[in-house]
Amino acid sequence: MRSFTMTRIIIKNLLSGPATLMYPKKKRAFTAITRGRVATDIQKCIFCGMCGKRCPTYAITVTKDCKEWQIDRLKCCACNLCVEICPVKCLSMENQYAPATTDKAGGIVTVKLEGATSGT
Ligand code: SF4
Ligand code: SF4
């Protein structure tokens, strides 16, 4: 009975193909509740730093003095906690993925209040 179940699972997996996609060549379709990447409306930000303190992966850095908000997208696990905790609701989840990169610094995005932006 056990070997029959195992054989059934093996055959099913062989026929259904891999569950993963060859990102970025192939992208999974977004749904209404897909968590893509964190975006900020910097004009509303009060630089309280709560998003950075709440982030479980330390992906967000807020520098109040230079009015700068930074995220390392390679560290972000898309948990949505920063979006929920922001007191002025200036963070949101965009329905798109962060661009693929082979560089560790390639996921860092810096947004300044003046509107100066580096990264994507
Ligand atoms: S929690 Fe919101 S207002 Fe506070 S620093 Fe983060 S993005 Fe800005
Ligand atoms: S979504 Fe989660 S992991 Fe990503 S920056 Fe926000 S709190 Fe951090």
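One line per residue, one yes/no per condition, for (1) at pLDDT 95 or above; (2) within 10 Å of ligand 2 (Cβ to nearest atom); (3) of a type in the set (A, V, I, L, M, F, W, C):
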| residue | (1), (2), (3) |
| --- | --- |
| Thr5 | no, no, no |
| Met22 | no, no, yes |
| Lys44 | yes, no, no |
| Gly52 | yes, yes, no |
| Thr63 | yes, no, no |
| Asp72 | yes, yes, no |
| Val88 | yes, no, yes |
| Gly107 | no, no, no |
| Thr117 | no, no, no |
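List pairs: first in segment 89-102 and more than 13 Å from Arg73 (Cα to Cα), second exposed (fewer than 15 other Cβ atoms within 10 Å of the Cβ) and of a type in the set (Gly, Ala, Ser), Cβ under 7 Å, 6+ apart or cross-chain?
Asn95/Gly36
Mind checking which residues of segment 63-82 are within 9 Å of ligand 1 (Cβ to nearest atom) and either closer than 19 Å to Ile33 by Cβ or surrounded by fewer than 17 Cβ atoms within 10 Å (Cβ to Cβ) (or both)? Before the answer, list the steps.
The initial filter retains those residues of segment 63-82 that are within 9 Å of ligand 1 (Cβ to nearest atom), namely 64, 69, 82.
Within segment 63-82, Lys64, Cys82 meet the criteria.
Taking Ile9 as meeting all but one of (1) β-branched (Val, Ile, Thr); (2) within 19 Å of Ala98 (Cα to Cα); (3) at pLDDT below 95; (4) not in a loop (DSSP other than H, G, I, E, B), write down the number of the exception.
(2)
Any residue in segment 34-47 that is touching a residue at least 12 places away in the same chain (Cβ under 8 Å) and touching a helix residue (DSSP H, G or I) at 6+ places or on another chain (Cβ under 7 Å)?
Going residue by residue through segment 34-47, those that are touching a residue at least 12 places away in the same chain (Cβ under 8 Å) are 34-47.
Those still in the list that are touching a helix residue (DSSP H, G or I) at 6+ places or on another chain (Cβ under 7 Å) too: 38.
Checking segment 34-47: at least one residue is touching a residue at least 12 places away in the same chain (Cβ under 8 Å) and touching a helix residue (DSSP H, G or I) at 6+ places or on another chain (Cβ under 7 Å).
Sort out which residues of segment 83-116 are of a type in the set (Asp, Glu), within 16 Å of ligand 1 (Cβ to nearest atom) and under 18 Å from Pro24 (Cβ atoms), and write them in order of number. Give the derivation first.
Looking only at segment 83-116, we keep the residues that are of a type in the set (Asp, Glu), and these are 84, 94, 103, 114.
Checking which are within 16 Å of ligand 1 (Cβ to nearest atom) leaves us with 84, 94, 114.
The answer is Glu94, and nothing else.
Consider Arg35 against the criteria (1) under 23 Å from Leu113 (Cβ atoms); (2) surrounded by 15 or more Cβ atoms within 10 Å (Cβ to Cβ): it satisfies all of them except one. Which criterion is unmet?
(1) is the only condition that Arg35 fails.
The values are calculated or read from the model by the stated rules, or taken from the named source; none is laboratory data. Note that this is a predicted model, so its numbers are computed, not measured. Note that each Cβ is placed from the backbone with ideal geometry, even for glycine, and that neighbours are counted across all protein chains shown.
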